[in-house]
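This report refers to the structure that appears directly beneath it.
The values are calculated or read from the model by the stated rules, or taken from the named source; none is laboratory data. Everything numeric in this text was worked out from a predicted model, so none of it was measured. All Cβ positions, even for glycine, are placed from backbone atoms using ideal geometry, and neighbour counts span all protein chains on display.
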């Protein structure tokens, strides 16, 4: 399958500020997370791909169109939800989404039908007829998302869609982003500075740091098992430490992590499948401790930053 | 699967169709631009916006139509051989209303999208920043032209009903319409440029009022003083400095029924035309540059 976005050596400098440096990535279908701290170059990349900013160097193509010649064609096929507020306060979401659909080339009746559909999908009900100035942040984010989907794009750029949302609204928004990628069949490039969020929804993650590509790979690779085990027993830190010390005497390398004991990949004599698990069970039983949790440890997106930090230093 | 009852009391069932793709036709840029133009034109009169935003434009329009209505009434009831005021001069006499309309409505078309940053959503769509600025300007110019056209047409119909000479009236009316178009182009450019820079509505309105009403007042005063001091070319020359003095100067030169302090003739006529064109073009370029700059942020 053709990649949705490809960039080659994409660079953007504002004077001495290097927003993007020699970025070469590919983005496929489904949900792709674009992660990085504030100022890592996420928004700059999206604006370049939309043709709103000219790159200082390098090439990129979106949906098979080159960004330099095919800007207009790209903007016809792509939806964009900006990070900042962009809604006029005196217009209702319904009217606004209809207008925006027409600005993408839909006819009057098609725009009305699409706007109603899309507003329903993002979860704006009766309030769609009220002026958007009175909306909560969550409703504004939904309206912004609706206008990005109004013309049934093949690809949407969602810039920080969870910004300013409370935990419940955040979960809703993430579920919606996931549905756009899977059920709606629209490729998604979603940015966030919160790594944990993108772990949940994206198929692929691109990590930017200071305008450089840190890593680009499937989300599963980031979350692969590390070979370590996590054990939690009933009780307080005293019980945790009793278990840890007992396990250490049996040849496992243990360290406390929060209320749990983290056990490094077991030595060769215990590497047999399930041997370490058996040992932990027996030790806990001998000590009379109640096992609450015994699970393989997984990597996190944060680890990318930690590892890269180590290799760079 | 539950069966849908037939013939029972339930007549409607809501189905969740899931996400539906759109594979219908999509308009080209020209049609999108036309849609944007029509929306802008409607918004300039508060149509398709809140009820409150219709008050100002229609109040001003009513005030500018009222004298014409009275004139037409007088004209039809009493015998007369000509209109008491020429078509072009009527617009000149009601210039305060035209200026106020431009000053109050230009921020609607030029400040709103920039202030609320919805410009970004437009520019992420097929129309580019240049096309967007030009279409907005066209909406404003046509809205202004229509504002001056309504009383003109009313006067014209009244004049014909009163049995005034048709060829005279047609000539005067057509001259006025052309002059009004030029005025609309210029004033839309000036108020548009001002509104796109000063994003707060209040500042934009005050800026436009300064450029249209205050400046014209100053120019008119200087023109009158120079004329009474006998400095005729100074009086005509100062007229290049404000949109309304350009309008009346050109109307005077074209014999469209406006008397100026000193007649505009000779080399002053091309100068007036040139300044009008340059000023309009300058405002338009400024407007385009402004939207392009905002779009790349």
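Among B:179, B:127, B:114, which is the only one that is in contact (Cβ under 8 Å) with a residue 60 or more places away in the chain, assigned to a loop (DSSP other than H, G, I, E, B) and either crowded, with 18+ Cβ neighbours inside 10 Å or within 14 Å of chain A (Cβ to nearest Cβ) (or both)? Criteria check complete, one pass: B:127. Restricting attention to the stretch A:35-62, the residues that are touching a strand residue (DSSP E or B) at 6+ places or on another chain (Cβ under 6 Å), over 18 Å from residue A:191 (Cα atoms) and within 14 Å of chain B (Cβ to nearest Cβ) total 2. Can you say whether residue A:274 is touching a helix residue (DSSP H, G or I) at 6+ places or on another chain (Cβ under 8 Å), loosely packed, with under 14 Cβ neighbours inside 10 Å and more than 30 Å from residue A:198 (Cβ to Cβ), as far as the supplied structure shows? Here the answer is no, as residue A:274 does not meet what is asked. The set of residues from the stretch A:1-25 being loosely packed, with under 15 Cβ neighbours inside 10 Å and assigned to a strand (DSSP E or B) comprises A:8, A:9, A:13, A:14, A:17.
Regarding the stretch B:137-146, can at least one residue be identified that is at pLDDT 95 or above, in a helix (DSSP H, G or I) and more than 12 Å from the chain's Cα centre (by Cα)? No, the stretch B:137-146 contains no residue that is at pLDDT 95 or above, in a helix (DSSP H, G or I) and more than 12 Å from the chain's Cα centre (by Cα). With respect to (1) touching a strand residue (DSSP E or B) at 6+ places or on another chain (Cβ under 7 Å); (2) in contact (Cβ under 8 Å) with a residue 60 or more places away in the chain, the lone exception for residue A:8 is condition (2). Selection of the stretch A:50-62 for residues being within 24 Å of residue A:102 (Cα to Cα) and modelled with pLDDT of 95 or more yields only A:62.
Within the stretch A:160-209, track down each residue that is out of contact with any helix residue (DSSP H, G or I) (no Cβ under 6 Å at 6 or more places or on another chain) and within 13 Å of another protein chain (Cβ to nearest Cβ). Passing the criteria: A:176, A:179, A:180, A:181, A:182, A:183, A:184, A:185.
Looking across the stretch A:47-81 at every residue that is within 18 Å of residue A:20 (Cβ to Cβ), part of a loop (DSSP other than H, G, I, E, B) and in contact (Cβ under 8 Å) with a residue 40 or more places away in the chain, the one that is farthest from the chain's Cα centre (by Cα) is identified as A:56. In this structure, residue A:251 does satisfy being in a loop (DSSP other than H, G, I, E, B) and more than 30 Å from residue B:22 (Cα to Cα). Residue A:152 meets the conditions (1) out of contact with any strand residue (DSSP E or B) (no Cβ under 8 Å at 6 or more places or on another chain); (2) in a helix (DSSP H, G or I) in every case but one. The failed one is (2). Show the residue pairs meeting these rules: Cβ distance below 8 Å; 6+ apart or different chains; first residue within the stretch A:208-233 and without any contact (Cβ under 8 Å) to a residue 24 or more places away in the chain; second residue surrounded by 15 or more Cβ atoms within 10 Å (Cβ to Cβ). That search, which allows pairs on different chains as well, returns A:217/A:204; A:217/A:205; A:218/A:203; A:218/A:204; A:218/A:205. Out of B:72, B:65, B:76, B:55, which single residue is more than 11 Å from chain A (Cβ to nearest Cβ), in contact with a helix residue (DSSP H, G or I) (Cβ under 6 Å, 6 or more places away or on another chain) and more than 25 Å from residue B:247 (Cβ to Cβ)? Of the residues listed, the single one that is more than 11 Å from chain A (Cβ to nearest Cβ), in contact with a helix residue (DSSP H, G or I) (Cβ under 6 Å, 6 or more places away or on another chain) and more than 25 Å from residue B:247 (Cβ to Cβ) is B:76.
The single residue among B:34, B:49, B:20, B:42 that is under 17 Å from residue A:115 (Cβ atoms), without any contact (Cβ under 8 Å) to a residue 60 or more places away in the chain and surrounded by 12 or more Cβ atoms within 10 Å (Cβ to Cβ) turns out to be B:20. The test for being modelled with pLDDT under 90 and under 30 Å from residue A:50 (Cβ atoms) holds for residue B:294. One residue alone among A:149, A:119 is away from chain B (no Cβ under 11 Å) and in contact (Cβ under 8 Å) with a residue 24 or more places away in the chain, and that residue is A:119.
Residue-wise test of (1) more than 30 Å from residue B:25 (Cβ to Cβ); (2) under 21 Å from the mean Cα position of the chain (by Cα); (3) assigned by TED's automatic domain parsing to the domain that holds residue A:256.
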position: A:176; (1), (2), (3): no, yes, no
position: A:201; (1), (2), (3): yes, yes, no
position: A:210; (1), (2), (3): yes, yes, no
position: A:229; (1), (2), (3): yes, no, yes
